[in-house]
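Asker: Dumping the structure here so I can ask a few things about it.
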Amino acid sequence: MIKKEINSCSNGLVEEIKKDYRASADLGLNRCIQCGMCTSNCPAARHSNYDPREMVKMVLDDNEEILENPDIWNCFYCYTCQSNCPVNNSPSQVNQILRQKVLQIGGKNERIYQFLTYGYSFMEFGVGLIPTDFFEIRANDFGEKYREFKDKLEDIRDELGLGEYILTGEDQEEVKNILIESGFKKRLKTFKEAGESL
Ligand code: SF4
Ligand code: SF4
């Protein structure tokens, strides 16, 4: 049975998102009924002004102002919205595509550049470590226990018999070479320069 598309508007932003390679073939973007389930279950919405339902609405309205909204950078891709959506829409996927669009058109806001530290962490250690800039915020959110846990992480891992949590030696070099060959390092540099000019 072919599902009826509830919102039948066909416009730039919607089509762009549906055609993006990150979008699932069965993404229910046009079927969004604005029920708000995504927002009511979204952890980022609980702790900030970010609103996945509103984000989807603005996309359906082809309202490009959503690209300038710094709150879209609060999503952390937990996919709770996708698993709760009754029409198989994925605000999470929509968000990823919107963010890439912001980067492609050279959008600038301070929130974007906080993510650069993840990129540099990939280059240096082969994994995306939580940026040190966020330590204080997390310590405030989670209390002193978090700071203690971070400080003693290596000892705790040792005690549990776990190995390094960063890549080392040849593995690290291999990831670094992939990131250089794929143009990631160059792109990172471009974004860093754009961030510095803010
Ligand atoms: S849960 Fe799905 S249908 Fe409901 S508002 Fe969010 S995206 Fe739309
Ligand atoms: S993926 Fe993003 S939008 Fe969806 S529930 Fe998680 S934080 Fe919210």
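The values are calculated or read from the model by the stated rules, or taken from the named source; none is laboratory data. All of these numbers come straight from a predicted model, not from anything done at the bench. Cβ coordinates were reconstructed from backbone atoms using ideal geometry, including for glycine residues, and neighbour counts include every protein chain displayed. Heads up: the accessible areas ignore ligands, DNA and RNA and are worked out on the full protein's heavy atoms, side chains in. Shrake-Rupley method; radii C 1.70, N 1.55, O 1.52, S 1.80 Å.
Asker: When only residues in segment 41-73 that are outside any helix (DSSP H, G or I) and of a type outside the set (A, V, I, L, M, F, W, C) count, which is nearest to ligand 2 (Cβ to nearest atom)?
Answerer: Tyr50
Asker: Just to be sure, is Arg99 free of Cβ contacts under 8 Å to residues at least 24 places away in the same chain and either within 16 Å of ligand 2 (Cβ to nearest atom) or surrounded by fewer than 20 Cβ atoms within 10 Å (Cβ to Cβ) (or both)?
Answerer: Considered against the rule, which asks whether it is free of Cβ contacts under 8 Å to residues at least 24 places away in the same chain and either within 16 Å of ligand 2 (Cβ to nearest atom) or surrounded by fewer than 20 Cβ atoms within 10 Å (Cβ to Cβ) (or both), Arg99 comes out as no.
Asker: Turning to a different aspect of this structure: Among the residues of segment 30-40, how many are touching a helix residue (DSSP H, G or I) at 6+ places or on another chain (Cβ under 7 Å) and within 14 Å of ligand 2 (Cβ to nearest atom)?
Answerer: Residues flagged as touching a helix residue (DSSP H, G or I) at 6+ places or on another chain (Cβ under 7 Å) and within 14 Å of ligand 2 (Cβ to nearest atom) within segment 30-40 amount to 5.
Asker: While we're here: Would you check if there is a residue in segment 115-124 being within 13 Å of ligand 2 (Cβ to nearest atom), open to solvent by 40 Å² or more (accessible area, probe 1.4 Å) and of a type outside the set (Lys, Arg)?
Answerer: No, there is no match, as no residue in segment 115-124 is within 13 Å of ligand 2 (Cβ to nearest atom), open to solvent by 40 Å² or more (accessible area, probe 1.4 Å) and of a type outside the set (Lys, Arg).
Asker: Just checking, how many residues over segment 153-187 are more than 18 Å from Gly128 (Cα to Cα) and of a type in the set (Val, Ile, Thr)?
Answerer: The total comes to 1.
Asker: Can you tell me which residue within segment 131-164, out of those that are open to solvent by 60 Å² or more (accessible area, probe 1.4 Å), within 24 Å of Val175 (Cα to Cα) and outside any helix (DSSP H, G or I), is modelled with the lowest pLDDT?
Answerer: Glu164
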